[in-house]
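Here, each number is a calculation from the coordinates, and none is a lab measurement. Computed from a predicted structure; not experimentally measured. Neighbour counts are summed over all protein chains in view; Cβ atoms, including those assigned to glycine, are modelled from backbone coordinates with ideal geometry.
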Ligand code: DC
């Protein structure tokens, strides 16, 4: 059978990575977390004191940055100039820098090539912001997964609480709204629903509910 490409796009905190990981496991596909690649680039910019607005330095830095992806037991590892940075990229600071620096076309083109090459080689579940619209316009199944900003803030707040980190839920929601705005209004490859994507709102659905719905859609496509 030819490679099957499943694209999942949506705003921050909609549950994309949890759902995509589960789907990849159940389907035996590779999970490609494209946000992690933008986060690794962002970590490089932060470490080198390069501001997101400084496009000359961002573009020059793109030549020095080598990002590769490795897989071990189904888990994706992002390698930044030879260093595994998985444990360093999940902070709010890196997430915000990833959102701000990913407006840059040179940054995007560099990572899009890596993403397209992965999807050429293997069946993938790939999540991000522009997968169905730009990276894999011919994906076999496209999902636009979203949830209300208040529900996404509540989930993030719970995650932090479980880690013992105190946080202000209103500030989290405002951060989410700002990030959505930036990701949706950038000029090049903004976050939007592809015309042929299936819209799923996870606000009132469980993780299992969303996974089952996407597996049904997959079965319909795969049996054609
Ligand atoms: O999904 P995430 O929170 O790890 O993504 C971090 C940022 O990276 C997100 O706010 C915007 C950017 N991003 C992007 O522009 N395109 C993608 N395909 C994935 C992420």
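Observations on the model:
- Selection over region 29-57 of residues that are under 15 Å from residue 76 (Cβ atoms), out of contact with any strand residue (DSSP E or B) (no Cβ under 6 Å at 6 or more places or on another chain) and more than 16 Å from the ligand (Cβ to nearest atom) gives a count of 0.
- Filtered residues of region 86-101 (kept if in contact with a helix residue (DSSP H, G or I) (Cβ under 8 Å, 6 or more places away or on another chain) and away from the ligand (no atom under 11 Å from the Cβ)): 86, 88, 93
- Residue within region 133-145 that is under 18 Å from residue 71 (Cα atoms), crowded, with 18+ Cβ neighbours inside 10 Å and out of contact with any strand residue (DSSP E or B) (no Cβ under 6 Å at 6 or more places or on another chain) present: no
- Enumeration of residues in region 114-133 that are part of a helix (DSSP H, G or I) and within 13 Å of the ligand (Cβ to nearest atom): 114, 115, 116, 118, 119, 131, 132, 133
- Inter-residue pairs, beta-carbon under 7 Å, first closer than 21 Å to residue 153 by Cα and without any contact (Cβ under 8 Å) to a residue 40 or more places away in the chain and in region 173-199, second assigned to a helix (DSSP H, G or I) and more than 10 Å from the ligand (Cβ to nearest atom), 6+ apart: 173/149; 173/150; 173/153; 177/149
- Residue match in region 207-221 (condition: over 21 Å from residue 126 (Cα atoms) and in a helix (DSSP H, G or I)): no
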